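Trainee: Here it is: the structure, laid out below.
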Amino acid sequence: MPPKKLFNSMETTYSFHAFTEADIPRLSELFKRYREVNPCRPQTDGHIYLSPAFDHGQYVLCADSADGRLAACAALYPQGDLTWANILIDPAPSQEPWALRGSLFNWLVNLAQQLGHSRLAFQRYPDETDSAAFLQSKGAKLAYYIYNLERPLDLPIRSIDAPEG
C-alpha cells in the first residue's frame, strides 16, 4: 500500500504509513538526530514497534518528508486504562515541528478513541522543552515522574534498610 499524503505545508509534503521492518534503520537515524538536541531521551529499539503491544506496527505512524527521510513518528501503547503515547520529531530547522506534531497528536487521539481509551500519557525528559510546550498547549499537565520496575514480580522483593539521615 503506497504512503498516504495527510499533511502538506508551504515548505514540505509529508506522507504517512504504519511502521514496518524497513523503518527500523530509519528510526535509528531519527533517534540519532533527535538525541543530538535532546540527549536525555533514551533510544528505542524499533523492533518493539513490530510486537503485538503495538499491533505489529499499526499503532505507530511514520511521517516521511519529500526527500524520503523519516521526519517523525508517533506511537501508541494501550496499557489498561492508561494509553502511553509518544511523538518523535526530527529537530532539524527545516522541519515544521508544531504543525507536524499536531497531525501526529490528532492521529494518536483518534486511534486511542477508536480503541476505547480516554487518557493519554506522554513521558518527557527535562531537555525536551519543545515537546513539553506542545503538550502543554494541548492541555497536558505534568503529573509525576515515572519509574518503571522491570523485574519478575513473582520473586521476593528484597528489603533494604533506609540509610541514616
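The values are calculated or read from the model by the stated rules, or taken from the named source; none is laboratory data. Just so it is clear, the structure is predicted and the values come from calculations on it, not from any experiment. Here the Cβ positions follow ideal geometry from the backbone for every residue, glycine too, while neighbour counts run over all protein chains shown. All accessible areas refer to the heavy atoms of the entire protein, side chains included, with ligands and DNA or RNA removed. Shrake-Rupley method; radii C 1.70, N 1.55, O 1.52, S 1.80 Å.
Trainee: Just to be sure before I move on: is C40 under 13 Å from the mean Cα position of the chain (by Cα) and either open to solvent by 30 Å² or more (accessible area, probe 1.4 Å) or not hydroxyl-bearing (S, T, Y) (or both) in the structure I sent?
Mentor: no
Trainee: Name the residues in the range 20-35 that are of a type outside the set (D, E) and surrounded by 12 or more Cβ atoms within 10 Å (Cβ to Cβ), would you?
Mentor: Across the range 20-35, the qualifying residues are T20, I24, R26, L27, S28, L30, F31, R33, Y34, R35.
Trainee: Output the residues belonging to the range 65-87 that are open to solvent by less than 40 Å² (accessible area, probe 1.4 Å), within 19 Å of L120 (Cβ to Cβ) and of a type in the set (S, T, N, Q).
Mentor: Passing the criteria: T83, N86.
Trainee: Can you go through S118, S103 and tell me which one is closer than 21 Å to Y14 by Cβ and either among the hydrophobic types (A, V, I, L, M, F, W, C) or not in a strand (DSSP E or B) (or both)?
Mentor: Result: S103 is the single residue among S118, S103 that is closer than 21 Å to Y14 by Cβ and either among the hydrophobic types (A, V, I, L, M, F, W, C) or not in a strand (DSSP E or B) (or both).
Trainee: Same structure again: Among the residues in the range 49-57, are any in contact with a Phe, Trp or Tyr (Cβ under 7 Å, 6 or more places away or on another chain), assigned to a strand (DSSP E or B) and within 21 Å of Q113 (Cβ to Cβ)?
Mentor: no
Trainee: Search the range 60-74 for residues that are at negative phi and pair each with any residue that is basic (K, R) and outside any strand (DSSP E or B) when their beta-carbon atoms are under 6 Å apart and the residues are at least 6 apart or on different chains.
Mentor: L70/R26
Trainee: Further question: Does C62 qualify as being in contact with an Asp or Glu (Cβ under 6 Å, 6 or more places away or on another chain) and exposed (fewer than 15 other Cβ atoms within 10 Å of the Cβ)?
Mentor: No; evaluated as a whole, the condition is false for this residue.
Trainee: Here's a follow-up. Residue check, L27 against (1) modelled with pLDDT of 95 or more; (2) within 18 Å of T13 (Cα to Cα); (3) not acidic (D, E), all met but one. Which one?
Mentor: (2)
Trainee: Confirm whether Q95 is modelled with pLDDT under 90 and either open to solvent by less than 40 Å² (accessible area, probe 1.4 Å) or in a helix (DSSP H, G or I) (or both).
Mentor: The answer is yes for Q95.
Trainee: Looking only at the range 58-90, which residues are more than 14 Å from the chain's Cα centre (by Cα) and assigned to a loop (DSSP other than H, G, I, E, B)?
Mentor: Step one: filter the range 58-90 for residues more than 14 Å from the chain's Cα centre (by Cα), giving 64-69, 79-82.
Residues satisfying the conditions are S65, A66, D67, G68, R69, G80, D81.
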